[in-house]
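Enquirer: Below: one structure in structure tokens.
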Amino acid sequence: MSMKSLRSLFAMLVIPLVLSMGLGLSASAIAADDQNSQQQAGKTSEADLWRAVKAGDSGFTTAQGIEPGVLINVVGNQGKDVRNEYLTPVMGIAVVGVFVAFLFFYLVNGPSKLSKGFSGKMVLRWTKADLWIHWVMASSCMVLIFTGLNIMLGKYVLQPYIGEGFWAALIYGSKTIHDWAGPLFIVSWVLCVVKWMPMQTFKMYDLKWFLVVGGYINFGPFKGQHPDSGFANAGEKMWFWSLTIFGLFIAASGLMLVLPGLDLPREASMAALLIHAISAIIIIAFTIVHIWMATVLSEGGMECMVSGYCDENWAAQHHNVWYDEIKENNSIVYKD
């Protein structure tokens, strides 16, 4: 076979084979590029979907309920962060700070003594109904405070130092007791507001009460200052109106949180939780002040809410306007 014939045979056999291999490689490369593009598009689509989910965008689901298409509630997460990062520390500061401040004041200043001592004559100040309302509300309020503090602060203060089983029982018990004590507080709070509101209007002489700190300071230019006061002094009025306003917030937000049949949006539930916590902080701070003022800082003051009677000299010194009124209209009632 001549050289020319060999070249022709080689061209006929090899060249088509090379061309077919090249076309095959090109097709494989195109297919690989297309597959890579599809994978990249899939990853981009998944990233966009997850970004939308984290942003709180709603999708489609056959489930029924409140906002069933929302996998992640952004407002809920933000509210949780506000509660944990801000409200929880503020609550701890309020409890410890107010208590320590009044303890320091008591150690430096001492109690407010009766300038004329005890007279031995007891004057009726609170009825039996008033005492019942006060102690039912006070008891339920203290239960709510201690269980609420455990719910908010317990995981930081108690949980690291007690067993998991005991902590689980403690937090479950706190939540259960908190929910059941709430209605009792609400009922007594309503009775308190309705019955005592007429005695809580502010007068011009209440301003002086604040200016001389109620006459409780035992040193300097404030010593011996006993400002005018009606049945309730300015401090008691401030406590009453704080309890009235923030007690309403606590009651309303608490009912929103424990009544599932309301079918509220998640944003409303989170708003209720934050309002509940803020109101609780204010009520707790005022409660600590109220307890200090009514017990150790006011000589003879606690007897008023135990028997309903107060010493006549206590009435004349701390609530002189009221005392003068009941003396003048002859409505004063002494204890037998």
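Every read-out reported here was derived from the displayed coordinates using simple, explicitly stated rules and does not represent laboratory data. Predicted model, so just to flag it, every value in this text is computed and none were measured. With ideal geometry, Cβ positions are generated from the backbone for all residues, glycine too; neighbour counts draw on all protein chains shown.
Enquirer: Applying the Karplus parametrisation 6.51 cos²θ - 1.76 cosθ + 1.60 with θ = phi - 60° to the phi angles of region 315-325, what ³J(HN,Hα) value in whole Hz is obtained for each residue in order, glycine and proline being reported as x?
Expert: Here the 3J(HN,Hα) series is 4, 5, 7, 9, 9, 5, 5, 5, 4, 5, 5 Hz.
Enquirer: What distance in nm separates the two pseudo spin-label positions at residue 203 and residue 132, each 7 Å out from Cα along the beta-carbon direction?
Expert: In this crude label model, residue 203 to residue 132 measures out at 3.0 nm.
Enquirer: Under 17 Å from a label point 7 Å along Cα→Cβ of residue 142: give me every residue in region 85-106 with its amide N that close.
Expert: 99
Enquirer: Hey, got a sec? Which trypsin sites (Lys or Arg not before Pro) in region 196-284 land in a DSSP loop and have at most 15 other Cβ atoms within 10 Å?
Expert: 203, 223
Enquirer: Could you check the simple spin-label distance between residue 100 and residue 119, using points 7 Å along Cα→Cβ, in nm with one decimal?
Expert: It works out to 4.2 nm between the two label points.
Enquirer: Subtracting the Cα-Cα distance from 0.36 nm times the residue separation, let me have the gained length for residue 157 to residue 195 in nm, one decimal.
Expert: 9.8 nm
Enquirer: Give me the one-decimal nm value for the distance between modelled label points at residue 184 and residue 327, 7 Å along each residue's Cα-to-Cβ direction.
Expert: It is 4.1 nm.
Enquirer: Which FRET efficiency, nearest 0.05, do residue 226 and residue 262 yield, Cβ-Cβ r, R0 45 Å?
Expert: Here the calculated transfer efficiency is 0.35.
Enquirer: Right, another one. Give me the percent relative contact order of region 175-305, please, defined on Cα pairs under 8 angstrom at least 6 residues apart.
Expert: Relative contact order here is 20 percent.
Enquirer: Please list the non-local residues whose amide H lies under 5 Å from the amide H of residue 311, H modeled 1.01 Å from N, same-chain partners needing a gap of 5 or more.
Expert: Hits under the 5 Å cutoff: 123.
Enquirer: Can you check what the Kirkwood hydrodynamic radius comes to for region 187-235, Cα pairs only, in Å to one decimal?
Expert: The Cα-based Kirkwood calculation yields 12.1 Å.
Enquirer: Additional query: Given a cut-off of 26 Å, name the pairs among 155/237; 237/327; 128/208; 113/195 whose C-alpha atoms lie farther apart than that in the structure shown.
Expert: Cα-Cα > 26 Å for 155/237; 128/208; 113/195; rest within.
Enquirer: List every residue whose amide H lies under 5 Å from the amide H of residue 112, counting only residues 5 or more places away in sequence or on a different chain, with H placed 1.01 Å from N in the peptide plane.
Expert: 298, 299
Enquirer: On to the next question. What does the net charge come to around residue 243 if you take all other residues with beta carbon closer than 14 Å to its beta carbon, with K and R at +1 and D and E at -1?
Expert: After counting each charged neighbour, the total is +1.
Enquirer: How many angstrom lie between the C-alpha centres of region 215-275 and region 134-180?
Expert: Answer, in whole Å: 21.
Enquirer: Direction-averaged shadow area of the convex hull around the Cα atoms of region 202-290, nm²?
Expert: Projected area, direction-averaged: 7.5 nm².
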